[in-house]
Amino acid sequence: SSVAVAVARAQVQQEPWLETTEGTGINISCSHPKIQADQFIIWYRQFPAQGPDLFVSAHKGFRELPDSAGHLWVSEDRKSSALYLARPRRGDAAVYYCTLGD
């Protein structure tokens, strides 16, 4: 069975649509070339018919997701990031937003 993952476009660049099969890890990448030194990279997840929820945030480096669900990786120059979902399930199908915040 396939898990659909949609991503939206803001002041950052993301793929408009990603798909994986259940249990197959997926990388959702985000480009933010104009990031400021004090800004955090914040990822939100929005399920159908719900508002977005804060999913994970990081300033630099590597941040594990709860329950070994994956990780958030920030590039050395902080101009890109990638959200890795290690074993996505059908219930993880959602819109994943990448934003910048202070």
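The values are calculated or read from the model by the stated rules, or taken from the named source; none is laboratory data. Note that the structure is predicted; figures quoted are calculated from it, not measured. Every residue, glycine among them, receives a Cβ derived from its backbone with ideal geometry; neighbour counts consider all protein chains shown.
Of note:
- When region 67-102 is filtered for residues that are aromatic (Phe, Trp, Tyr) and at pLDDT below 95, the ones remaining, listed by number, are 96, 97.
- Contact map, region 67-86: first residue of a type in the set (S, T, N, Q), second residue surrounded by 14 or more Cβ atoms within 10 Å (Cβ to Cβ) and not in a strand (DSSP E or B), Cβ cut-off under 8 Å, separation 6 or more or different chains; pairs are 68/86; 80/32; 81/32; 81/75.
- Complete set of residues in region 16-33 that are over 12 Å from the mean Cα position of the chain (by Cα) and surrounded by 10 or more Cβ atoms within 10 Å (Cβ to Cβ): 19, 20, 21, 22, 23, 24, 25, 32, 33
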